[in-house]
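*Asks:* One structure coming up, written as structure tokens, with questions to follow.
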Amino acid sequence: MKHTNYSEAETLEQAHQINESSWGVNNSKRYNDLMYYASQCDSVMELGVHQGSSLAAILMTKPRKVIGVDINLNLWKNGSETAGPGLQQRAERFAEENHIELEVLGCSSINPICKRQ
């Protein structure tokens, strides 16, 4: 999977704009659908955060609560050489500024410890 390079983004909004500019036809429909349905909810859970591109799109809709789950949060937290720094800090700042409860769990989605209400 090719990583989106967010090294130029200082904020989550800027990271989302970078991601949005690279969507293409297939991803555009997927992200637009994701954002539409997330905007209809008070809380959203994403299973498989990976780099955090979808989680950033979900946060842009400003639900009350967002939960992300992934067995490996390394790209989310630290990024990579090809993707620049991870999105975690920018997402946490965005969530705090917009009064969104953000919880990101490092565990398998089938592990009962990830269960949330």
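*Asks:* Find the residue count for the stretch 80-89, including only residues that are of a type outside the set (D, E, K, R) and more than 13 Å from the chain's Cα centre (by Cα). Write out each step before concluding.
*Replies:* So in the stretch 80-89, the residues of a type outside the set (D, E, K, R) come out as 80, 82-89.
Add one more test, that the residue is more than 13 Å from the chain's Cα centre (by Cα), and what stays is 80, 82-85.
Looking only at that region, the number is 5.
*Asks:* Of all residues in the stretch 85-117, count the ones that are in a strand (DSSP E or B) and among the acidic types (Asp, Glu). Don't jump to the end; show me each part of the working.
*Replies:* Applying the first criterion (in a strand (DSSP E or B)) to the stretch 85-117 yields 101-106.
Filter once more, so that each one left must be among the acidic types (Asp, Glu): 101, 103.
Summing the residues that are in a strand (DSSP E or B) and among the acidic types (Asp, Glu) in the stretch 85-117 gives 2.
*Asks:* Identify, please: which residue in the stretch 65-117 is of a type in the set (Val, Ile, Thr) and modelled with pLDDT of 95 or more and is, among those, farthest from ALA38 (Cα to Cα)?
*Replies:* Within the stretch 65-117, the first condition is being of a type in the set (Val, Ile, Thr), and the residues that meet it are 66-67, 69, 71, 82, 100, 104, 110, 113.
Adding the requirement that they be modelled with pLDDT of 95 or more leaves 66-67, 69, 71, 100, 104.
Numbers: VAL66: 10, ILE67: 12, VAL69: 16, ILE71: 22, ILE100: 13, VAL104: 17 Å.
Checking each candidate, the answer is ILE71.
*Asks:* List the residue pairs whose Cβ atoms are under 6 Å apart, where the first residue sits in the stretch 33-52 and is of a type in the set (Val, Ile, Thr), the second is outside any strand (DSSP E or B), and the two are 6 or more positions apart or on different chains.
*Replies:* Final answer for the pair search is VAL44/ALA38; VAL44/ILE58; VAL44/PRO63; VAL49/LEU55; VAL49/TRP76.
*Asks:* Let me ask something else about it. Hey, among the residues in the stretch 1-21 that are in a helix (DSSP H, G or I) and of a type outside the set (D, E, K, R), which one's surrounded by the most Cβ atoms within 10 Å (Cβ to Cβ)? First the steps, then the outcome.
*Replies:* Applying the first criterion (in a helix (DSSP H, G or I)) to the stretch 1-21 yields 12-21.
This time we only want the ones that are of a type outside the set (D, E, K, R), so: 12, 14-19, 21.
Working: LEU12: 24, GLN14: 13, ALA15: 26, HIS16: 22, GLN17: 14, ILE18: 18, ASN19: 22, SER21: 9.
Only one residue fits best here, namely ALA15.
*Asks:* Criterion first (in contact with a strand residue (DSSP E or B) (Cβ under 9 Å, 6 or more places away or on another chain) and within 20 Å of ILE110 (Cα to Cα)) does LEU55 satisfy it? So that I can check it myself, show each step before the final result.
*Replies:* Numbers: in contact with a strand residue (DSSP E or B) (Cβ under 9 Å, 6 or more places away or on another chain): yes; within 20 Å of ILE110 (Cα to Cα): yes.
So LEU55 passes the test.
*Asks:* Follow-up question, since we're still on this one. What are the residues in the stretch 29-54 that are open to solvent by less than 70 Å² (accessible area, probe 1.4 Å), within 24 Å of SER80 (Cβ to Cβ) and not in a loop (DSSP other than H, G, I, E, B), if any?
*Replies:* In the first step, residues of the stretch 29-54 are kept if they are open to solvent by less than 70 Å² (accessible area, probe 1.4 Å); the result is 31, 33-35, 38-39, 41, 43-44, 46, 48-54.
Still in the list and also within 24 Å of SER80 (Cβ to Cβ): 31, 34, 46, 48-54.
TYR31, LEU34, GLU46, SER53, SER54 - these are the residues of the stretch 29-54 that are open to solvent by less than 70 Å² (accessible area, probe 1.4 Å), within 24 Å of SER80 (Cβ to Cβ) and not in a loop (DSSP other than H, G, I, E, B).
*Asks:* While we're on this one: Is it the case that some residue within the stretch 65-76 is assigned to a helix (DSSP H, G or I), open to solvent by less than 20 Å² (accessible area, probe 1.4 Å) and not aliphatic (A, V, I, L, M)? Explain how you work it out, then say what you get.
*Replies:* Going residue by residue through the stretch 65-76, those that are assigned to a helix (DSSP H, G or I) are 74-76.
Next, from what is left, pick out any that are open to solvent by less than 20 Å² (accessible area, probe 1.4 Å): 76.
Of the ones still in play, those that are also not aliphatic (A, V, I, L, M) are 76.
Yes, the stretch 65-76 contains at least one residue that is assigned to a helix (DSSP H, G or I), open to solvent by less than 20 Å² (accessible area, probe 1.4 Å) and not aliphatic (A, V, I, L, M).
*Asks:* Let me ask something additional. So which pairs qualify, if the first residue must be in the stretch 91-117 and open to solvent by less than 70 Å² (accessible area, probe 1.4 Å), the second must be modelled with pLDDT under 90 and outside any strand (DSSP E or B), the Cβ gap must be under 6 Å, and the two must be at least 6 apart or on different chains?
*Replies:* These pairs meet every condition: LEU105/CYS114; CYS107/ILE113; CYS107/CYS114.
The values are calculated or read from the model by the stated rules, or taken from the named source; none is laboratory data. This is a predicted model, so every value here is computed, not measured. We place every Cβ from the backbone using ideal geometry, glycine too, and count neighbours over all the protein chains shown. Protein only, heavy atoms only, side chains kept; ligands, DNA and RNA dropped before computing areas. Shrake-Rupley method; radii C 1.70, N 1.55, O 1.52, S 1.80 Å.
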